[in-house]
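Colleague: Sharing a structure here in structure tokens format.
The values are calculated or read from the model by the stated rules, or taken from the named source; none is laboratory data. Here the structure is a predicted model, which is why all the values come from computation and not from measurement. Cβ sites come from the backbone with ideal geometry, for glycine too, and all protein chains shown count toward neighbours.
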Ligand code: MG
């Protein structure tokens, strides 16, 4: 495929020869004034608009530079249980469910990007919903199921990364219990007009790098043995990590607030 170059080759060659320091070009005008208006946007094609914030990406173990670290292996300070300090086991670089109750983040979020790693218990105990059960509740209401579904059958809309009771994942990307799995999530908060739903919550999920949901809509707040329904709530809510009585481990949890397009560099 040929990609059209917006600059004449002679101009590019001249730039290369003069070898000006890169910073010298930073003050040059690079936007257009004589282009059409973009439909639905207050900007012109190629026109002046806020430059996105510069973010240093993380690597396989480190979060990006603008992430909020909710758990880095050192303490449980970002979490509480029923208004009291979180009391899950904290060992090495992970925390582990121990029957003291579901964790709730002290911070609240709306639209967000989440990274989280979990490991289901070994030796294996139980079956179906009794094996490595936990879950992430966005805004305290909408559960992305965590379960050990490596060679463990359960109802499809309750398996690992299901929107519990609503949608099974596109595929089962589980690793064996005891291994660390990753979840990378984009969650979009629902919007309400008064008591009425305007826009449902949506979620995109990569499980161990595999897309298992793509902008999938939640039917409502998670429920068991009944059809989920929405009840109007505010624009932000906490994350909850479920204590379902199985010693699931968690590590490396971070969140990025998604503020939207055309936010000026900070
Ligand atoms: Mg669960």
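Colleague: Residue 42 passes all but one of (1) modelled with pLDDT of 90 or more; (2) loosely packed, with under 10 Cβ neighbours inside 10 Å; (3) within 30 Å of residue 118 (Cα to Cα); which number fails?
Modeller: Here residue 42 clears every test but (3).
Colleague: Of the conditions (1) more than 20 Å from the chain's Cα centre (by Cα); (2) more than 15 Å from the ligand (Cβ to nearest atom); (3) modelled with pLDDT of 95 or more, residue 200 clears all except one; give me its number.
Modeller: Evaluating residue 200 over (1) more than 20 Å from the chain's Cα centre (by Cα); (2) more than 15 Å from the ligand (Cβ to nearest atom); (3) modelled with pLDDT of 95 or more leaves (1) as the failure.
Colleague: Sort out which residues of region 99-113 are under 16 Å from residue 251 (Cβ atoms) and away from the ligand (no atom under 16 Å from the Cβ), and write them in order of number.
Modeller: 105
Colleague: Does residue 214 satisfy the criteria of being loosely packed, with under 13 Cβ neighbours inside 10 Å and within 16 Å of the ligand (Cβ to nearest atom)?
Modeller: no
Colleague: Can you work out which of the residues in region 114-127 that are at pLDDT 95 or above and within 15 Å of the ligand (Cβ to nearest atom) is nearest to residue 148 (Cα to Cα)?
Modeller: Result: 120.
Colleague: Further question: In this structure, is residue 220 on the phi < 0 side of the Ramachandran plot and assigned by TED's automatic domain parsing to the domain that holds residue 89?
Modeller: For residue 220, the condition - on the phi < 0 side of the Ramachandran plot and assigned by TED's automatic domain parsing to the domain that holds residue 89 - is not met.
Colleague: On to the next question. Can you confirm whether residue 191 is more than 25 Å from residue 57 (Cβ to Cβ), more than 16 Å from the ligand (Cβ to nearest atom) and over 19 Å from the mean Cα position of the chain (by Cα)?
Modeller: So residue 191 does not fit the description; no.
Colleague: Working only within region 156-176, note down all residues that are more than 11 Å from the ligand (Cβ to nearest atom) and surrounded by fewer than 22 Cβ atoms within 10 Å (Cβ to Cβ).
Modeller: Across region 156-176, the qualifying residues are 156, 157, 166, 167, 168, 170, 171, 172, 173, 175, 176.
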